[in-house]
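Structure first, commentary second.
The values are calculated or read from the model by the stated rules, or taken from the named source; none is laboratory data. Please read these numbers as outputs of a predicted model, since none were measured by experiment. Here Cβ is always computed from backbone atoms with ideal geometry, including for glycine, and neighbour counts include all displayed protein chains. Surface accessibility is based on the protein's heavy atoms, side chains included, excluding ligands, DNA and RNA. Shrake-Rupley method; radii C 1.70, N 1.55, O 1.52, S 1.80 Å.
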Amino acid sequence: MFTLSQLESFVAVAETLHYGRAAERLSMTQPPLSRRIQLLERELDVELFDRIGRSVRLTAAGRAFLSDARRILGLSEQAALSVRRVPAGEIGTVALGFTASSAHSVLDDIVGGIHTRLPGVDLVLRERVSGRQMEELHSGELDLGLVRPPVPGTGLEHRPLHREALLAAIPAGHPLAAPDRVPHVRDLDGEPFVMYSPAEARYFYEVLVGVFRGAGIAPWYVHHLSQVHTILALVRAGLGLALVPRAAEELGLDGVVLRPVVGVEGEPVELVAAWRANDDSPALHAVRDLVIDLAGRGFA
């Protein structure tokens with residue numbers, strides 16, 4: 001089988017049509033260059049050049065072989081460049097899980113950052129609830145997850161990314177939606193309330209239960225749902241009030257007024273990045289570090 005050095009020599013002679021100039025181009029002497037061409041012709045069992053004194057010209061076989069030789073050399077150079085980019089995490093595939101609500105808060109910044117700063121990474125996006133993301137991180141189906149805490153300690157590492165406030169979602173026309181009203185958490189006591197599912201949205205369910213317990217109130221749960229946009233649709237239909245993360249403002253849903261709530265202080269909604277502790281993928285490490293860096297900048 002011919003070697004890359006033989007192909008390189010053949011292309012140099014084919015492009016200069018002169019052994020001496022080709023040898024200078026390759027920083028070698030002419031005798032070993034001639035031997036490479038002879039070995040290549042012997043391997044191919046065909047003459048590639050007609051020799052005319054010190055000059056040469058391509059045979060029909062040589063002309064046909066030249067385009068293939070250039071292509072093979074180009075592929076070898078590309079392969080060498082690509083393999084050197086792997087340890088730096090500049091190429092590879094990363095499966096990224098995210099919750100529906102995180103898609104409205106941080107996902108666009110993360111995807112845009114990866115596209116700009118790691119264009120060689122193939123990002124596979126999968127929308128999952130946090131519990132399923134944990135399972136798929138352990139099984140290897142996901143590489144990095146944007147999940148709600150807590151993150152089980154065994155086999156996974158995590159880093160806090162983002163916190164946000166809760167807002168009251170109020171049907172337009174409801175008394176609490178009046179421009180001069182400032183809703184208080186106690187206003188939810190006994191009111192019809194669209195609640196998160198304790199099974200499919202357990203994190204948000206437990207956050208809200210803690211808020212209500214701390215305020216000493218008991219809203220009337222009329223529905224239990226898992227997705228913010230579905231909860232807002234029921235609020236718009238007038239079926240009840242809700243508390244949703246501030247990122248819901250991005251949805252811009254007509255017929256729903258979003259207001260800060262007195263008595264629900266701070267930013268109780270937390271998002272973390274989670275990954276397998278023993279995963280040595282350079283692409284994963286590069287994406288993870290980029291996500292953490294974006295979080296430190298406030299995803300702005």
ILE52 passes all but one of the listed conditions (1) surrounded by fewer than 16 Cβ atoms within 10 Å (Cβ to Cβ); (2) touching a residue at least 12 places away in the same chain (Cβ under 8 Å); (3) farther than 19 Å from ASP68 by Cβ; the exception is number (2)
Go through region 129-147 residue by residue and tally those that are at pLDDT 90 or above, part of a loop (DSSP other than H, G, I, E, B) and open to solvent by 10 Å² or more (accessible area, probe 1.4 Å). 3
Residue pairs, Cβ under 8 Å, 6 or more apart or interchain, first in region 199-219 and closer than 15 Å to GLU270 by Cβ, second among the basic types (Lys, Arg). List them. TYR203/ARG148; PHE204/ARG148
Residues being closer than 24 Å to LEU75 by Cα and either open to solvent by 70 Å² or more (accessible area, probe 1.4 Å) or at pLDDT 90 or above (or both) - total across region 1-23: 4
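Criterion first (out of contact with any Cys (no Cβ under 9 Å at 6 or more places or on another chain), assigned to a helix (DSSP H, G or I) and of a type outside the set (A, V, I, L, M, F, W, C)) does GLY190 satisfy it? Lay out the reasoning, then the answer.
Numbers: out of contact with any Cys (no Cβ under 9 Å at 6 or more places or on another chain): yes; assigned to a helix (DSSP H, G or I): no; of a type outside the set (A, V, I, L, M, F, W, C): yes.
Criteria not met by GLY190.
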Identify all residues within region 249-265 that are within 17 Å of PRO183 (Cα to Cα), in a loop (DSSP other than H, G, I, E, B) and open to solvent by 50 Å² or more (accessible area, probe 1.4 Å); write none if there are none. GLU265
Name the residue that is modelled with the highest pLDDT, counting only residues in region 199-217 that are loosely packed, with under 13 Cβ neighbours inside 10 Å and in a loop (DSSP other than H, G, I, E, B). GLY216
Taking VAL106, is it touching a His at 6+ places or on another chain (Cβ under 6 Å), under 14 Å from VAL291 (Cβ atoms) and aliphatic (A, V, I, L, M)? yes
